[in-house]
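> Got a structure here, written out as structure tokens. Questions coming.
The values are calculated or read from the model by the stated rules, or taken from the named source; none is laboratory data. All values reported here derive from a predicted model rather than from experimental measurement. Neighbour counts are summed over all protein chains in view; Cβ atoms, including those assigned to glycine, are modelled from backbone coordinates with ideal geometry. When the accessible area is computed, the model is the full protein with side chains, heavy atoms only, and any ligands, DNA or RNA have been set aside. Shrake-Rupley method; radii C 1.70, N 1.55, O 1.52, S 1.80 Å.
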Amino acid sequence: MTEVRSEHPVIAAWHRRPISSRVGSRRFRRRLIIATYAGWLVWAGSVKFLSYGPLPPIWLSLLLVGGNLVVQAVWVTRRTIINTPALLDVELDERLVQSRNAAFRMAFKIFAWATLFGWPVSFLAIQLQPNNQGILNALILFVGVTMLATTLPTVIVAWREPDPTEPERPAAAQ
Amino acid sequence: MAPSIQNRIGVLRAERGLSRQQLADAVGINYQTVGYLERGDYNPSLELAFRIAEYFGLPLEAVFSRQPFVPMSSQLYGKEESA
């Protein structure tokens, strides 16, 4: 931690918050978001593709399910700004708390609309498509909506938060 | 959008030769938030405003204002300058 050389030490008794510095560059965060959602699309496409043929070998099914679980686990447990639900208020400053809360509000709206449309589409998929394809499509939609629900707030924060520039050198006194 | 609150954080920080990181560490915020405050992109809570004013050893109204500040040079030398 940098030593403060000010002649005016803070004497007020306020709780010092450990600010998380594990933000990462904006490019890294956006790549991670795109990779995660693209990974889910690949997973959904693979499941859909395999469903047209004979029953896939058990190892392939386990690989698909296991891979998906690993990605989800990384999202849920990583304690970075990308996974801000894991960060408590005391670890963020007031601006970041506001930013996270705003992301949660927006994510809820998006999730509510996704659910509103996803539910009847899933129902129609089950009713109209034969050979269990409808149930599979409904399952893929369900997993997609669930993934949106668990990741969207943090994705919004991670996408928006600007690049953490290097702390500047002390400004020259004027 | 809430009206921006004017502040002199940038000037005061430059006067004292402090980096954003040093000020951020002293008042317990992320150093990026210091940049947000200086640009007027973020209005601080009352608690944070008091903390910053206390750190600079100045009254709150010397650091924050709802009206544009008169330049310090004008205040010091008594010359009226139109902003």
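> Would a scan of region B:51-58 turn up a residue that is on the phi > 0 side of the Ramachandran plot and open to solvent by 20 Å² or more (accessible area, probe 1.4 Å)?
Within region B:51-58, one or more residues are on the phi > 0 side of the Ramachandran plot and open to solvent by 20 Å² or more (accessible area, probe 1.4 Å).
> When you go through (1) farther than 18 Å from A:SER99 by Cβ; (2) within 11 Å of the chain's Cα centre (by Cα); (3) assigned to a loop (DSSP other than H, G, I, E, B) one by one for B:ASN43, which number turns out not to apply?
Failing condition for B:ASN43: (1).
> Restricting to region B:13-24, name every residue that is surrounded by 21 or more Cβ atoms within 10 Å (Cβ to Cβ) and assigned to a helix (DSSP H, G or I).
If the condition is that a residue be surrounded by 21 or more Cβ atoms within 10 Å (Cβ to Cβ) and assigned to a helix (DSSP H, G or I), then B:ARG13, B:ARG20, B:GLN22, B:LEU23, B:ALA24 are the ones that fit.
> For the structure I just gave you, tell me whether B:ASN43 is more than 7 Å from chain A (Cβ to nearest Cβ) and not basic (Lys, Arg). Before you say what the answer is, go through the steps one by one.
Numbers: more than 7 Å from chain A (Cβ to nearest Cβ): yes; not basic (Lys, Arg): yes.
In short, yes.
Per-residue answers, yes or no, for (1) touching an Asp or Glu at 6+ places or on another chain (Cβ under 8 Å); (2) within 14 Å of chain B (Cβ to nearest Cβ); (3) at pLDDT 80 or above:
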residue	(1), (2), (3)
A:ILE58	no, no, no
A:ASP93	no, yes, yes
A:ASN132	no, no, no
A:LEU136	no, no, yes
A:PRO170	no, yes, no
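> Please go through region A:149-166 and pick out each residue that is open to solvent by 70 Å² or more (accessible area, probe 1.4 Å) and at pLDDT 80 or above.
Across region A:149-166, the qualifying residues are A:TRP159, A:ARG160.
> Report yes if B:GLU61 is more than 10 Å from chain A (Cβ to nearest Cβ), surrounded by 15 or more Cβ atoms within 10 Å (Cβ to Cβ) and either in a loop (DSSP other than H, G, I, E, B) or under 11 Å from the mean Cα position of the chain (by Cα) (or both), otherwise no.
Values: more than 10 Å from chain A (Cβ to nearest Cβ): yes; surrounded by 15 or more Cβ atoms within 10 Å (Cβ to Cβ): no; either in a loop (DSSP other than H, G, I, E, B) or under 11 Å from the mean Cα position of the chain (by Cα) (or both): yes.
Spelling it out, it is not the case that B:GLU61 is more than 10 Å from chain A (Cβ to nearest Cβ), surrounded by 15 or more Cβ atoms within 10 Å (Cβ to Cβ) and either in a loop (DSSP other than H, G, I, E, B) or under 11 Å from the mean Cα position of the chain (by Cα) (or both).
> With the condition kept exactly as written, say whether any residue in region B:65-78 is touching a strand residue (DSSP E or B) at 6+ places or on another chain (Cβ under 8 Å), under 25 Å from A:SER99 (Cα atoms), away from chain A (no Cβ under 13 Å) and surrounded by fewer than 16 Cβ atoms within 10 Å (Cβ to Cβ).
Looking for residues that are touching a strand residue (DSSP E or B) at 6+ places or on another chain (Cβ under 8 Å), under 25 Å from A:SER99 (Cα atoms), away from chain A (no Cβ under 13 Å) and surrounded by fewer than 16 Cβ atoms within 10 Å (Cβ to Cβ), one finds at least one in region B:65-78, hence yes.
> Within region B:14-26, how many residues turn out to be under 17 Å from B:PHE64 (Cα atoms) and within 7 Å of chain A (Cβ to nearest Cβ)?
Result for region B:14-26: 2.
> Take B:SER4 and decide whether it is open to solvent by 20 Å² or more (accessible area, probe 1.4 Å), facing another protein chain (nearest Cβ under 9 Å) and among the hydroxyl-bearing types (Ser, Thr, Tyr).
On the way: open to solvent by 20 Å² or more (accessible area, probe 1.4 Å): yes; facing another protein chain (nearest Cβ under 9 Å): no; among the hydroxyl-bearing types (Ser, Thr, Tyr): yes.
No: the conditions fail for B:SER4.
> Do the conditions hold for B:TYR36, that is, is it open to solvent by less than 30 Å² (accessible area, probe 1.4 Å) and facing chain A (nearest Cβ under 7 Å)?
No: the conditions fail for B:TYR36.
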